[in-house]
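Visitor: Sharing a structure with you now.
The values are calculated or read from the model by the stated rules, or taken from the named source; none is laboratory data. Quantities reported herein were computed from a predicted structural model and do not represent experimental measurements. Using ideal geometry, Cβ is built from the backbone for each residue, glycine included, and neighbour counts are taken over all protein chains shown. Areas reflect the complete protein model, heavy atoms only, side chains present, ligands, DNA and RNA absent. Shrake-Rupley method; radii C 1.70, N 1.55, O 1.52, S 1.80 Å.
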Amino acid sequence: SGSAGIDFVEQNRHRYPGFSRGRFVLASDTEEQTSVLPARFPLEGKKAEDEPPRMRFAPSPTGSLHVGGARTALYNWLVAKKGQLDFPGANAAFVLRVEDTDVARSTKESENSVMADLKWLGLHADEGPDIENAPYGPYRQSERGAIYDDAVARLLEEGKAYRCFCTPEELEEMKAEQEARGETPGYDGRWRDADPALVEKMLDENKPFTIRFKVPDNARVVIDDVVRGTIGWDAQATVGDFILMRSSGIPVYNFCVAVDDASMGITTVVRAEEHLTNTVRQALVLDALNAPRPRYAHCSLILGEDKQKLSKRHGATSCDQYRLDGFLPDAMINYLALLGWSDGSDNEIFTRDELIDAFELDRVVNSPSVFDVQKLKYINYQHLKMMTVEEVTPLVQEQLELEGLLAPGVSRDDPDVATFAYAATALSKQFMDTTKDAALNAKTVLTYGLPATFADMEDGEAKEMIEKGNFYIVASKILEQYDEGIFPQPDESNLMAAFQDESGAEKENTQPCSFTTEYMKHMKAVSKELGVKGKNLFHPVRLALTGEMSGQDVTKQLSLVALATVENSVLGVVENDMADFAERMTRLKDFVDSIPEEFRAPSKKEDSSKQKAVNDAKAEASAPVAAAPALDDPKDSYDGPPVTALDIRVGRITKVWEHDEADKLYCEEIDVGEEEPRTVASGLRPYLKPEDMQDKLVLVLCNLKERKMVGFPSHGMVLCASNEDHTSVRLVNPPVDAKVGERITIPDFDFKSEDAAPYAENKIGKKKIFEKLAPFLVTNKYGVPEFLGRPFMTSGGICTSPIPEGTVS
């Protein structure tokens with residue numbers, strides 16, 4: 001009510017010292033007044049669409065910057081930046097204006113929060129609060145009281161506005177009577193043409209009043225909205241004689257906005273569709289002031305995945321929360337730009353400069369957009385791929401602090417934190433969707449997840465593996481070798497050696513990590529000694545050393561553990577229950593001792609044939625050499641093309657979708673370690689779902705010549721295993737530790753010399769090299785893809801498939 005407004009001002013005289021004749025006076029009015037309504041508006045006599053774009057983002061500092069507001073800011077910023085390129089030296093600008101007329105809710109904290117979010121997004125204003133030499137300030141509405149006073153005075157003088165002395169009680173009575181008659185409530189205009197003598201009498205008696213806009217008779221407001229087309233309103237029926245200034249003297253939002261847009265020369269107003277009806281009041285004010293209207297572009301709402309307006313119930317909506325969650329600002333603006341706009345192509349990944357170049361307002365659609373966090377993560381993943389480990393490391397330092405991994409009193413800027421963050425980033429960069437993933441992965445790696453005893457294990461893959469019996473044998477051997485001091489451990493004098501291959505340097509210029517080399521050599525010896533190989537060796541080893549069934553390269557994980565648990569560590573070792581290698585061995589021993597007797601040897605039911613093969617192998621090894629039977633090696637009789645002719649690499653499917661015109665084809669984008677992902681078409685729709693392929697590591701034959709498959713450019717082939725009648729087809733799976741882009745190798749074949757270089761694409765096709773090699777590319781009885789009895793290998797181990805005794809193509 002009016003009395004409540006007066007009470008509020010009385011309680012806040014430190015900010016609003018003047019109150020006269022029922023009119024509010026701003027603090028700035030009591031000081032030297034340099035800001036007045038211009039005699040001539042910047043765009044007067046001009047067409048807004050022909051001028052260098054002056055765009056504005058005008059947040060109300062009543063909360064944090066949410067994604068909808070950030071998109072509005074972005075669209076305005078993009079148009080302004082493009083205008084500055086198109087009109088060099090002109091006054092094109094991105095203007096930041098703080099609309100803080102809601103004095104009860106506006107806070108300095110919220111303003112600072114919004115400013116910080118815009119700074120994080122890289123949406124820097126050319127004009128705005130506290131920016132020196134900005135030509136159209138002040139840029140806070142709370143500091144523009146004199147300008148609004150001038151505008152009101154002009155409208156009053158010209159008879160386009162009038163004082164209304166209705167009391168709150170009279171307005172309530174008016175509303176009740178209208179509703180009783182079944183009419184839409186609205187002001188009835190009783191003071192619109194009041195006797196001037198009566199008005200003067202009320203002023204002399206210091207009666208509170210509002211100032212209302214006198215809507216012209218039969219007025220109709222029509223705009224040509226860039227996004228929504230032509231829209232019109234009957235002004236009197238839509239808004240009636242609306243208030244310009246409250247009885248407290250505080251100007252209302254729509255009046256301030258219109259005056260500010262006119263006096264700042266704003267050419268185009270881009271905002272959310274919820275502001276569409278505000279346009280009626282603002283256009284009427286602009287017309288009454290003889291100020292040119294800007295163009296308008298009202299963008300559709302952003303919805304949650306349930307197609308309801310995006311809100312907190314859908315998860316994070318504030319930009320700051322996405323920053324805290326490890327998203328990149330460039331990825332955020334990339335994704336926000338796509339919420340209602342596209343450049344007309346299938347491209348979804350844009351750098352900042354590419355967005356400025358491509359963005360056009362007339363390509364913004366008028367249908368709502370759905371905010372998809374998974375899509376945002378995909379775009380963030382793509383932007384992370386464009387960055388080096390060195391570039392990502394500072395962001396991971398911040399995440400380590402946010403996740404509470406640092407020791408008390410340690411700053412994230414500590415050089416040792418930077419070293420650890422580099423290692424954590426190198427370890428996880430291939431799969432991380434956000435920078436937080438690197439910190440969360442580090443937390444997983446540093447904690448030892450093996451339960452205290454076998455009885456404490458939950459049902460699952462790890463328990464099933466232990467019950468098969470190999471774990472006890474392998475873990476016992478690790479403990480024995482640890483006690484003897486012969487089990488390989490990271491070199492304490494060079495703990496970063498394991499991560500050097502992630503630095504971006506050329507691989508031929510890096511020296512192999514001695515710990516990694518020694519570890520792999522040692523595992524081969526353990527395999528031979530125990531007669532255990534493949535997953536029966538590597539799964540038990542991984543669980544014993546890391547406490548997990550899957551993860552990155554074991555030597556990198558152990559190196560990260562060693563980095564974290566050095567003396568005077570910068571990490572909170574105790575606080576985060578980090579277990580160094582010695583502690584892991586202590587816990588492992590207790591766990592191994594708790595394994596029931598029946599699970600301390602391979603299961604006879606499932607592995608009798610394998611155990612027999614192991615026993616036979618041991619017997620043959622102990623027999624005199626002369627007694628060992630001679631075995632035929634298929635390599636000795638092979639006379640086909642060299643397998644090194646094929647360029648088979650590890651790839652990751654980053655995107656998969658159905659071909660529009662071929663019901664058996666998928667279209668894929670696959671990262672094979674090149675600057676751009678490969679596009680590949682594969683006939684896998686009858687066998688696999690998109691979710692079976694998305695983000696999966698695969699093998700790709702890369703030196704096939706690009707060809708069109710039903711119009712789609714396909715450059716390579718995803719290798720799959722299939723059974724004899726081709727009714728079952730599955731992907732060949734590289735191990736999780738394999739590196740994207742690495743070329744597979746095959747034991748006993750030279751893949752390092754110049755002669756081992758893969759053939760050129762045209763030679764592979766013309767000489768039908770793959771067709772000649774294909775009969776020898778098979779899977780063995782365990783599903784391992786082989787060539788002449790030798791497995792496909794990567795740096796992370798052997799490749800596998802779920803298809804035993806099949807073919808690979």
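Visitor: Just to compare against my own numbers: the Cα pair-distance distribution for segment 72-195, 10 Å bins, whole % per bin, please.
Guide: Percent of pairs per bin, in order: 10, 24, 24, 20, 17, 4, 0.
Visitor: 5 Å is the cut-off here: which amide hydrogens, built 1.01 Å from N in the peptide plane, fall below it relative to V269, excluding neighbours closer than 5 in sequence?
Guide: Excluding prolines and chain starts, which carry no amide H, the hits are R295, Y296, A297.
Visitor: Which one, F776, M465, A153, is farthest towards the positive end of the dipole of the chain when Lys and Arg carry +1 and Asp and Glu -1 on their Cβ?
Guide: Of the options given, the answer is F776.
Visitor: Angle check, please: helix 67-86 long axis (alpha carbons) against the longest principal axis of the chain (alpha carbons), in degrees 0 to 90, nearest 10.
Guide: 80
Visitor: If the viscosity is 1.306 mPa s and the temperature 10 °C, what translational diffusion coefficient in µm²/s does Stokes-Einstein give for segment 403-525 when Rh comes from Kirkwood over Cα pairs? Before the final figure, lay out the partial values.
Guide: On the way: Rh = 17.6 Å.
Diffusion coefficient, whole number: 90 µm²/s.
Visitor: Continuing with this model, one more query. Please work out the average accessible area per residue across segment 205-335, using the 1.4 Å probe convention, and give it in Å². Don't skip to the answer; put the middle values down first.
Guide: Working: 4710 Å² over 131 residues.
Accessible area per residue, segment 205-335: 36 Å².
Visitor: By how many nm would the segment from E200 to K589 lengthen if fully extended, with 0.36 nm per residue of separation less the alpha-carbon distance? Walk me through the numbers on the way to the answer.
Guide: Numbers: separation 389, 0.36 × 389 = 140.04 nm, distance 9.60 nm.
Taking 0.36 nm per residue and subtracting the Cα distance, the gain is 130.4 nm.
Visitor: For segment 535-607, what does the accessible surface come to per residue with a 1.4 Å probe? Please give it in Å². Display every interim value, and only then the final one.
Guide: Working: 3310 Å² over 73 residues.
With the other protein chains kept in place, segment 535-607 gives 45 Å² per residue.
Visitor: Tell me the angle of helix 435-446 to the major Cα principal axis of the chain, expressed in degrees between 0 and 90 and rounded to the nearest ten.
Guide: 40
Visitor: Taking R0 as 51 Å, what FRET efficiency do you get between N347 and I131 from their Cβ-Cβ distance, rounded to the nearest 0.05? Write down the numbers at each step before the final one.
Guide: Details: r = 34 Å, r/R0 = 0.67.
In this case the efficiency is close to 0.90.
Visitor: Report relative contact order for segment 689-731 in percent, whole number only (criteria: Cα-Cα under 8 Å, sequence separation at least 6). Provide the component values of the computation, followed by the final result.
Guide: Numbers: 42 pairs, mean separation 12.6, N = 43.
The normalised contact order for segment 689-731 reaches 29 percent.
Visitor: At 0.36 nm per residue, and after removing the present C-alpha to C-alpha distance, how many nm does the segment from H124 to D193 gain when stretched out fully?
Guide: Working: separation 69, 0.36 × 69 = 24.84 nm, distance 4.78 nm.
Gain in length upon complete extension: 20.1 nm.
Visitor: Related question: Volume per residue, Å³, of the convex hull around the alpha-carbon atoms of segment 176-253?
Guide: Values: hull volume 11.3 nm³, N = 78.
Spelled out: Cα convex hull of segment 176-253, divided by residues, is 145 Å³.
Visitor: Right, something else. Please list, by residue number, every one of the GluC sites (Glu not before Pro) in segment 116-224 that is coil in DSSP and has at most 14 other beta-carbon atoms within 10 Å. All intermediate terms of the calculation are to be shown ahead of the outcome.
Guide: Details: sites: E127, E132, E143, E157, E158, E169, E170, E172, E173, E177, E179, E183, E200, E205; in loops: E132, E158, E183, E205.
Answer by residue number: E132, E158, E183, E205.
Visitor: Considering the convex hull of the alpha carbon atoms of segment 721-767, report its projected area averaged over all viewing directions, in nm², one decimal.
Guide: That works out to 5.8 nm².
Visitor: What spacing in nm lies between the two simple spin-label points modelled at R105 and D483, each 7 Å away from Cα in the Cβ direction?
Guide: 7.1
Visitor: At 0.36 nm per residue, minus the direct Cα-Cα distance, what do S550 and K705 gain on full extension? Give it in nm, one decimal, please. Present the calculation step by step, with values, prior to reporting the outcome.
Guide: Details: separation 155, 0.36 × 155 = 55.80 nm, distance 3.57 nm.
The span from S550 to K705 would gain 52.2 nm if fully extended.
Visitor: Give the residue list of GluC sites (Glu not before Pro) in segment 243-342 that are DSSP loop and have at most 16 other beta-carbon atoms within 10 angstrom.
Guide: Listed in order of number, the matching sites are E305.
Visitor: Compute the long axis of helix 514-530 from its Cα atoms, compare it with the longest principal axis of the Cα atoms of the chain, and write down the angle in degrees, 0 to 90, nearest 10.
Guide: In the chain, helix 514-530 runs at an angle near 50 degrees to the longest axis.
Visitor: Separate question: How big is the accessible area of T679 in square angstrom, nearest 10, if you roll a 1.4 angstrom probe over the protein chains?
Guide: Accessible area, nearest 10 Å²: 40 Å².
Visitor: Where in segment 443-489 are there GluC sites (Glu not before Pro) that are in a DSSP coil and have at most 11 other Cβ atoms within 10 angstrom of their Cβ?
Guide: Details: sites: E458, E461, E464, E467, E480, E484; in loops: E458.
Within segment 443-489, the qualifying GluC sites (Glu not before Pro) (loop, at most 11 other Cβ atoms within 10 Å) are E458.
Visitor: Just from its helices, what would the mean residue ellipticity at 222 nm be for the chain, if runs of 4 or more DSSP H residues each count -39500 (n - 2.57) and the sum is divided by every residue, rounded to the nearest 500 deg cm²/dmol? It would help to have the intermediate numbers written out before the result.
Guide: Values: 27 runs with 294 residues, N = 809.
Mean residue ellipticity, 222 nm, calculated: -11000 deg cm²/dmol.
Visitor: Additional query: Can you compute the charge dipole magnitude of segment 360-417 about its Cα centre, using +1 on each Lys and Arg Cβ and -1 on each Asp and Glu Cβ, nothing else charged? Give it in debye, rounded to the nearest 20.
Guide: So the dipole magnitude of segment 360-417 works out to roughly 380 debye.
Visitor: Can you compute the charge dipole magnitude of the chain about its Cα centre, using +1 on each Lys and Arg Cβ and -1 on each Asp and Glu Cβ, nothing else charged? Give it in debye, rounded to the nearest 20.
Guide: I would put it at about 1280 debye.
Visitor: Between the alpha-carbon centers of segment 157-221 and segment 525-575, tell me the distance in whole angstrom.
Guide: Spelled out, the Cα-based centre of one part sits 79 Å from the other.
Visitor: From Cα pairs below 8 angstrom and at least 6 apart in sequence, can you work out the relative contact order of segment 164-256, rounded to a whole percent?
Guide: Once normalised by length, the contact order is 26 percent.
Visitor: Which whole-number percent is the relative contact order of the chain (Cα, under 8 Å, 6+ apart)? Write down the numbers at each step before the final one.
Guide: Values: 1348 pairs, mean separation 69.0, N = 809.
Here the relative contact order equals 9 percent.
Visitor: Still on this model: How much of the DSSP beta bridge set in the chain is antiparallel, as a percent to the nearest 5? Mind showing how you got there, number by number?
Guide: Values: 58 of 72 bridges.
Within the chain, antiparallel bridges account for around 80 percent of the total.
Visitor: To continue, here is another question. Identify which of the listed values of log10 I(q)/I(0) by the Debye sum over Cα atoms at q = 0.05, 0.07, 0.11 Å⁻¹ was calculated from the structure shown: (i) -0.47, -0.77, -1.28; (ii) -0.40, -0.78, -1.27; (iii) -0.42, -0.71, -1.24.
Guide: Among (i) -0.47, -0.77, -1.28; (ii) -0.40, -0.78, -1.27; (iii) -0.42, -0.71, -1.24, the one calculated here is (iii).
Visitor: Just how much of H522 is accessible, in Å², when a 1.4 Å probe is used and the result is rounded to the nearest 10?
Guide: 30
Visitor: Considering only protein heavy atoms and a 1.4 Å probe, what is the carbon-and-sulfur percentage of the accessible area of the chain?
Guide: Numbers: 18870 of 38770 Å².
After summing per-atom areas, the C and S share lands at 49 percent.
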